[in-house]
Amino acid sequence: MAEVLVYVDHVDGAVRKPTLELLTLARRVGEPVAVALGNGAGDTAAALAEHGAVKVLTHEAAEYADYLVVPKVDALQAAVEAVSPAAVLVPSSAEGKEIAARLALRLGSGVITDAVDLEAGDEGPVATQSVFAASFTTKSRVSKGTPVITVKPNSAAVEAAPAAGAVEALSVSFSAQATGTKITGRTPRESTGRPELTEAAIVVSGGRGVNGAENFAIIEALADSLGAAVGASRAAVDAGWYPHTNQVGQTGKSVSPQLYVANGISGAIQHRAGMQTSKTIVAVNKDPEAPIFDLVDYGVVGDLFEVVPQLTEEIKTR
Ligand code: FAD
């Protein structure tokens, strides 16, 4: 069976959930071989093996933390040359997409970004994407060389599938470009204690209907009762009610959670583009004609200032 490389997103050895989701998809198209780089790479092995990695290629070097993405591209290229995989899967983060594009260029192959599903095909892995502001679903495959595919978080379930997880050191020699762009400082964002928006299993969003920055406390309270991340429409962000980092949509972040709760959001196509692939969509809107109701699984026609606090209280009792 062909091997499939999975780029491991981890923080000091703690594997992030999108990588475990990639392992589920990788098993559909081959045997997952994980590539873990940087500080703590070796510590990722147990979690990766538990989720189906037959092998974990590791390389620890200061370059991965000190410079932008090129050292990681060098390492993945070395892994591709060592393994000749059927595909390379990378989580669809901003960094992941840059790594994927650079890698595909190096390999002379092609890249598919923001896949939401992956299946085996006669001529290589076939990726599903949601395109043109989520108006269409397409299936595509890379027709030349080793396919490089980035996959949106929450596109697959995390499944335990114990495998060998043999750890091997990857031999990497960095290219001249690797040390081209040095990171000179990092300022951690103040933690809200909530999950990262693009990785959260549940997202609770607020739009213009929230009617003020101070009212976002209602949205945050519902989010906290569900252990969710908070999102916002562009109208709410443009009004200065919530940070741009939380904007969902075409010019914001793309989310694909198990549950998306839209409050006071009309459902403009640019907003849908960032959330339409959510598994279950709930909307609270006082206008029964709001377009968001065309795509919801559950809709509540009502005033969010009445509905949302009641919902929060009810959830807290469970
Ligand atoms: P509105 O469309 O004004 O809707 C507010 C809704 O709240 C209404 O449906 C109303 O019935 C409801 N409401 C009001 N009061 C209450 C209440 N008390 N209780 C319940 N419901 C209430 N938008 C994005 O979101 N993300 C993007 O990334 C994005 N990118 C864009 C890119 C481009 C190039 C362009 C042109 C636009 C983009 N937009 C984006 C903007 C988009 O077109 C919409 O203007 C925006 O999504 C509207 O936000 P909204 O739904 O919060 O506001």
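Being aliphatic (A, V, I, L, M) and either out of contact with any Phe, Trp or Tyr (no Cβ under 9 Å at 6 or more places or on another chain) or surrounded by fewer than 22 Cβ atoms within 10 Å (Cβ to Cβ) (or both) is the filter here, so list the residues in the range 59-78 that pass it. Don't jump to the end; show me each part of the working.
At the first step, the residues of the range 59-78 found to be aliphatic (A, V, I, L, M) are 61-62, 65, 68-70, 73, 75-76, 78.
Passing the criteria: Ala61, Ala62, Ala65, Leu68, Val69, Val70, Val73, Ala78.
Going through Ala217, Ala232, Ala163, Ala176 one at a time, which residue ends up being under 26 Å from Glu21 (Cα atoms), away from the ligand (no atom under 14 Å from the Cβ) and not basic (Lys, Arg)? If you could, list the steps in order and put the result at the bottom.
Details: Ala217 fails: under 26 Å from Glu21 (Cα atoms); Ala232 fails: away from the ligand (no atom under 14 Å from the Cβ); Ala176 fails: under 26 Å from Glu21 (Cα atoms).
Within the list Ala217, Ala232, Ala163, Ala176, the selection yields Ala163.
Would you be able to tell me the number of residues in the range 212-241 that are among the small types (Gly, Ala, Ser) and assigned to a loop (DSSP other than H, G, I, E, B)? Talk me through it step by step, then tell me what you get.
Step one: filter the range 212-241 for residues among the small types (Gly, Ala, Ser), giving 212-213, 217, 221, 223, 225, 227-229, 231-233, 235-236, 239-240.
Cutting the leftovers down to assigned to a loop (DSSP other than H, G, I, E, B) gives us 212, 227-228, 233, 239-240.
Of the residues in that region, 6 qualify.
So, in the range 287-318, exactly how many residues are of a type in the set (Phe, Trp, Tyr) and in a strand (DSSP E or B)? Steps first, answer last, please.
The first filter runs over the range 287-318 and keeps only residues of a type in the set (Phe, Trp, Tyr), leaving 293, 298, 305.
In the following step, the residues that additionally are in a strand (DSSP E or B) were identified as 298.
Looking only at that region, the number is 1.
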Subject >> Residue that is among the hydroxyl-bearing types (Ser, Thr, Tyr) and closer than 27 Å to Pro243 by Cα, where the choices are Ser175, Ser191, Ser171, Ser140 >> reply: Ser191
Original post:
Within the range 100-194, which strands (runs of 3 or more DSSP E) (wholly inside it) include 2 or more residues that are surrounded by fewer than 19 Cβ atoms within 10 Å (Cβ to Cβ) and in contact (Cβ under 8 Å) with a residue 60 or more places away in the chain?
Top reply: 111-119, 166-169
Subject >> Cross-chain or 6+ apart pairs with Cβ under 6 Å, the range 261-272 first and closer than 24 Å to Gly227 by Cα, then part of a helix (DSSP H, G or I) and of a type in the set (Gly, Ala, Ser) >> reply: Gly264/Gly209
Original post:
Can you name every residue in the range 258-283 that is touching a strand residue (DSSP E or B) at 6+ places or on another chain (Cβ under 8 Å) and outside any loop (DSSP other than H, G, I, E, B)?
Top reply: Leu259, Tyr260, Val261, Ala262, Asn263, His271, Thr280, Ile281, Val282, Ala283
Subject >> Qualifying positions in the range 111-155 - among the polar types (S, T, N, Q), touching a strand residue (DSSP E or B) at 6+ places or on another chain (Cβ under 9 Å) and more than 19 Å from Gly96 (Cα to Cα) >> reply: Thr137, Thr138, Ser140
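Are any of the residues in the range 16-32 among the hydrophobic types (A, V, I, L, M, F, W, C) and outside any helix (DSSP H, G or I)? Explain how you work it out, then say what you get.
Going residue by residue through the range 16-32, those that are among the hydrophobic types (A, V, I, L, M, F, W, C) are 20, 22-23, 25-26, 29.
Cutting the leftovers down to outside any helix (DSSP H, G or I) gives us none.
Within the range 16-32, none of the residues are among the hydrophobic types (A, V, I, L, M, F, W, C) and outside any helix (DSSP H, G or I).
Could you grab me the full set of residues in the range 283-318 that are among the β-branched types (Val, Ile, Thr) and crowded, with 18+ Cβ neighbours inside 10 Å? Write out each step before concluding.
Our first condition is that a residue be among the β-branched types (Val, Ile, Thr); within the range 283-318, this holds for 284, 292, 296, 300-301, 307-308, 312, 315, 317.
Answer for the range 283-318, where residues must be among the β-branched types (Val, Ile, Thr) and crowded, with 18+ Cβ neighbours inside 10 Å: Val284, Ile292, Val296, Val300, Val307, Val308, Thr312.
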**OP:** Within the range 236-254, identify whether any single residue is more than 14 Å from the ligand (Cβ to nearest atom) and either within 20 Å of Val151 (Cα to Cα) or without any contact (Cβ under 8 Å) to a residue 40 or more places away in the chain (or both), and answer yes or no.
**Re:** no
Original post:
How do the pairs read when you match residues in the range 38-51 that are farther than 23 Å from Val70 by Cα with residues anywhere that are of a type in the set (Ser, Thr, Tyr) and buried (at least 21 other Cβ atoms within 10 Å of the Cβ), using Cβ under 9 Å and keeping only pairs 6 or more apart or on different chains?
Top reply: Ala45/Thr58; Ala47/Thr19; Leu48/Thr19; His51/Thr19
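More than 6 Å from the ligand (Cβ to nearest atom) and closer than 19 Å to Asn285 by Cβ: does that describe Ala273? Lay out the reasoning, then the answer.
Numbers: more than 6 Å from the ligand (Cβ to nearest atom): yes; closer than 19 Å to Asn285 by Cβ: yes.
It is true that Ala273 is more than 6 Å from the ligand (Cβ to nearest atom) and closer than 19 Å to Asn285 by Cβ.
Each value in this text was obtained by applying a stated rule to the coordinates, not by laboratory testing. Keep in mind the model is a prediction, meaning the values are calculated, not measured. Every residue, glycine as well, gets a Cβ built from its backbone with ideal geometry; the counts of neighbours run over all protein chains shown.
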